[in-house]
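Coordinate-derived values only; no laboratory data. Quantities reported herein were computed from a predicted structural model and do not represent experimental measurements. Cβ coordinates were reconstructed from backbone atoms using ideal geometry, including for glycine residues, and neighbour counts include every protein chain displayed.
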Amino acid sequence: MSSEANADRRLHNRALLGVGLMIVGLALYPLSDAFVKHLMGTYSVCQTTLLRAITRLVPLLIATLFQGGLFKVLYSAKPFNHVTRLTVNLVYTFCFMLSFSLASLTTIYVFSYSSPFFMIVLGALMLKEKVTRERWIAVGIGLMGVLIAMRPGSNIFESAALLVLFGTFLGALNKILMRRLAASEHSLAIAIYPNFVMILAMGILACISMAAPGSLSPQFTLVWKPMPWSHWGLFAIVGVLTAGAQYAIAQSLRFAQASILAPIDYSTFFWVVALDFAWWNKSPDTYTLLGAAVIVGSNLYILYRTRKEDAVRKAAAA
């Protein structure tokens, strides 16, 4: 086999690995979000956010022991890039954690499906990635499938809509910044630093609320409520799930372009449907199944177009 064929196979395998890691990461997030929404029925946004950050930090720190140690993993040659990304991630996380207390899980995910539009625009502007007209059309069709699944004419615009849309834009920007960092930084560092910043932010809010009671709104006041051991166990599960999701997504961005990975965000729709059935005993209706078919079809077409475009470029280069 020629060296060119070997190179093509390695590139093909890396692309598939990136897609696979993104699918796994995106499957873990809805499951962890379901646990978080369940717990937020009892605990405040800030307490839930703090415990979520702590519990997912533990497995990530343990993982550093198998990757050369904490200093080797966390060392950065581009600290300013981390600061920019961590600021975006902090606001993005607050937006979605607050939205969990205001809207249903399904509504949050429906509006979050606008992420591919933001990803493609930001990928083209910041990473200079080429996006063909066919990909734009396919992503638009996929978004139409999401709207169909939500039943045309239903009232999907809840009070948290703008908050989720703003958080979705920041989430897309966060992924673009992660992809830039992935070229030089350790994947574990990309996943660990946001949790340190979140814990620090919660500590600052706690100090403010103690120094000046009533100065912060209830959503941003860290008031600790005692928890039974069973809830500690649920938070530990959330930590493991989100840590795994963060690491998988960070790794996926190392192997595939943002515009290729963006349509895979739709795959979370199927996990939400599965969670609705398994957790709350809700079965999808005809509109849901039709929308799912449109989403799957658009994603398959995007993958087909991507492979075809890659084949054309390789043929032209040869």
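Within the chain, which DSSP H helices have Cα atoms that stretch 15 Å or more along the helix axis and a mean Kyte-Doolittle hydropathy of at least 0.0?
Qualifying helices: 3-39, 45-64, 79-100, 115-126, 133-149, 161-182, 187-211, 229-255, 268-280, 286-317.
Using packing as a proxy for protection, rank 21-34, 83-96 so that the peptide with the highest average count of other Cβ atoms within 10 Å comes first.
Result, highest mean Cβ count within 10 Å first: 21-34, 83-96.
When averaged across all projection directions, what area in nm² does the alpha-carbon convex hull of region 50-127 cover?
Projected area, direction-averaged: 7.3 nm².
Can you tell me what the convex hull of the Cα atoms of the chain projects to on average, as an area in nm²?
Averaged projected area of the chain's Cα convex hull equals 18.9 nm².
As a check on your grasp of the helix formula, calculate [θ] at 222 nm for the chain: sum -39500 (n - 2.57) over DSSP H runs of n ≥ 4, divide by the residue count, round to the nearest 500.
The helix-only estimate for the chain comes to -26000 deg cm²/dmol at 222 nm.
Just to verify a number: FRET efficiency for R313 and W279, C-beta to C-beta distance, R0 = 51 Å, to 0.05?
The calculated FRET efficiency here is 0.70.
Could you give the nm distance between label points at L162 and F196, where each point is 7 Å from its Cα heading toward the beta carbon?
Here the answer is 3.6 nm between the modelled labels.
What's the exposure ranking of K37, K314, going from fewest to most Cβ atoms within 10 Å?
The fewest-first ordering by Cβ neighbours comes to K314, K37.
Only Cα pairs under 8 Å and at least 6 apart count here; give the relative contact order of the chain as a rounded whole percent.
39 percent
Please compute the net charge surrounding M178, taking Lys and Arg as +1 and Asp and Glu as -1 over other residues with Cβ under 15 Å from its Cβ.
+3
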